[in-house]
Amino acid sequence: MSAKININFKEKKWSNINLKKISKKAFKSTFKILSYSTIYKFVEVSILACNDKQIKQYNKIFRNYNKATNVLSWPRSHRLDYRNILDTKDISYLISQTEGTLDIGDIAISYDKCLKESKELDIYFENYIIHMFIHSCLHLLGFDHQKKTEFKIMKEIEIKSLKECGISNPNQIIFY
């Protein structure tokens, strides 16, 4: 059994990228770094693969920012807290008894914005996408980067997860 990744393609440009494989790699590495490899197989995530126009609309509606962004995340459970996850507390109670899944939330990702930023940073596009999925996965698990201490924790996990994905120099990737 493996994580269940649902992808809704709203932008044709994504057809050249194996988003299912890339997202599974990112999520699996993140759960491994967090010492939750056994939970990974129950994970369910929905991804909207879109463009700048579409993500700008969502950013305006949900965050009141009238601009395109690279990725947006909507956690399903507000009971997930990064402190519990870091303390490796058992979160298996969140697995649905009827569905047999742990639906952690939804992600929207913009092809246009990610391509632009990966070119600006001179980062291989797929590596950048992996980073965006790792970043989003952490948000879905209750992590944030508003405070300096939280930013440091999140960045450290992202670097370890990127290394787990075989990205040799994760420090060159932008962190938020």
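What follows is calculated from the coordinates using simple rules that are stated; it is not laboratory data. Predicted, not measured: the structure shown is a model, and the values here were computed from it. Reconstructed Cβ throughout: ideal geometry from the backbone, glycine too, with neighbour counts over all protein chains shown.
Quick notes
- Here residue 64 and residue 147 are evaluated by their C-beta separation; at R0 = 30 Å the FRET efficiency comes out at 0.90.
- FRET efficiency, residue 9 to residue 84 (Cβ-Cβ, R0 30 Å, nearest 0.05): 0.30
- Along the axis of the charge dipole computed for the chain (Cβ charges of +1 for Lys and Arg, -1 for Asp and Glu, origin at the Cα centre), the listed residues 23, 102, 38 are led at the positive end by 23.
- The lysines whose alpha-carbon is closer than 16 Å to the alpha-carbon of residue 60, local same-chain residues fewer than 8 away aside, are 113.
- Taking the empirical scaling 2.2 N^0.38 Å for compact globular proteins as reference, the chain has a Cα radius of gyration ratio of 0.98.
- Its relative contact order, with pairs defined as Cα atoms under 8 Å and 6+ residues apart, puts the chain at 27 percent.
- Pairs from the list 25/67; 10/155; 12/116; 20/119; 25/160 with a Cα-Cα gap above 19 Å: 25/67; 10/155; 20/119.
- Computed from backbone phi with θ = phi - 60° and the Karplus coefficients 6.51, -1.76 and 1.60, the 3J(HN,Hα) list for segment 55-63 is 5, 4, 4, 5, 5, 5, 5, 8, 10 Hz; x is used for glycine and proline.
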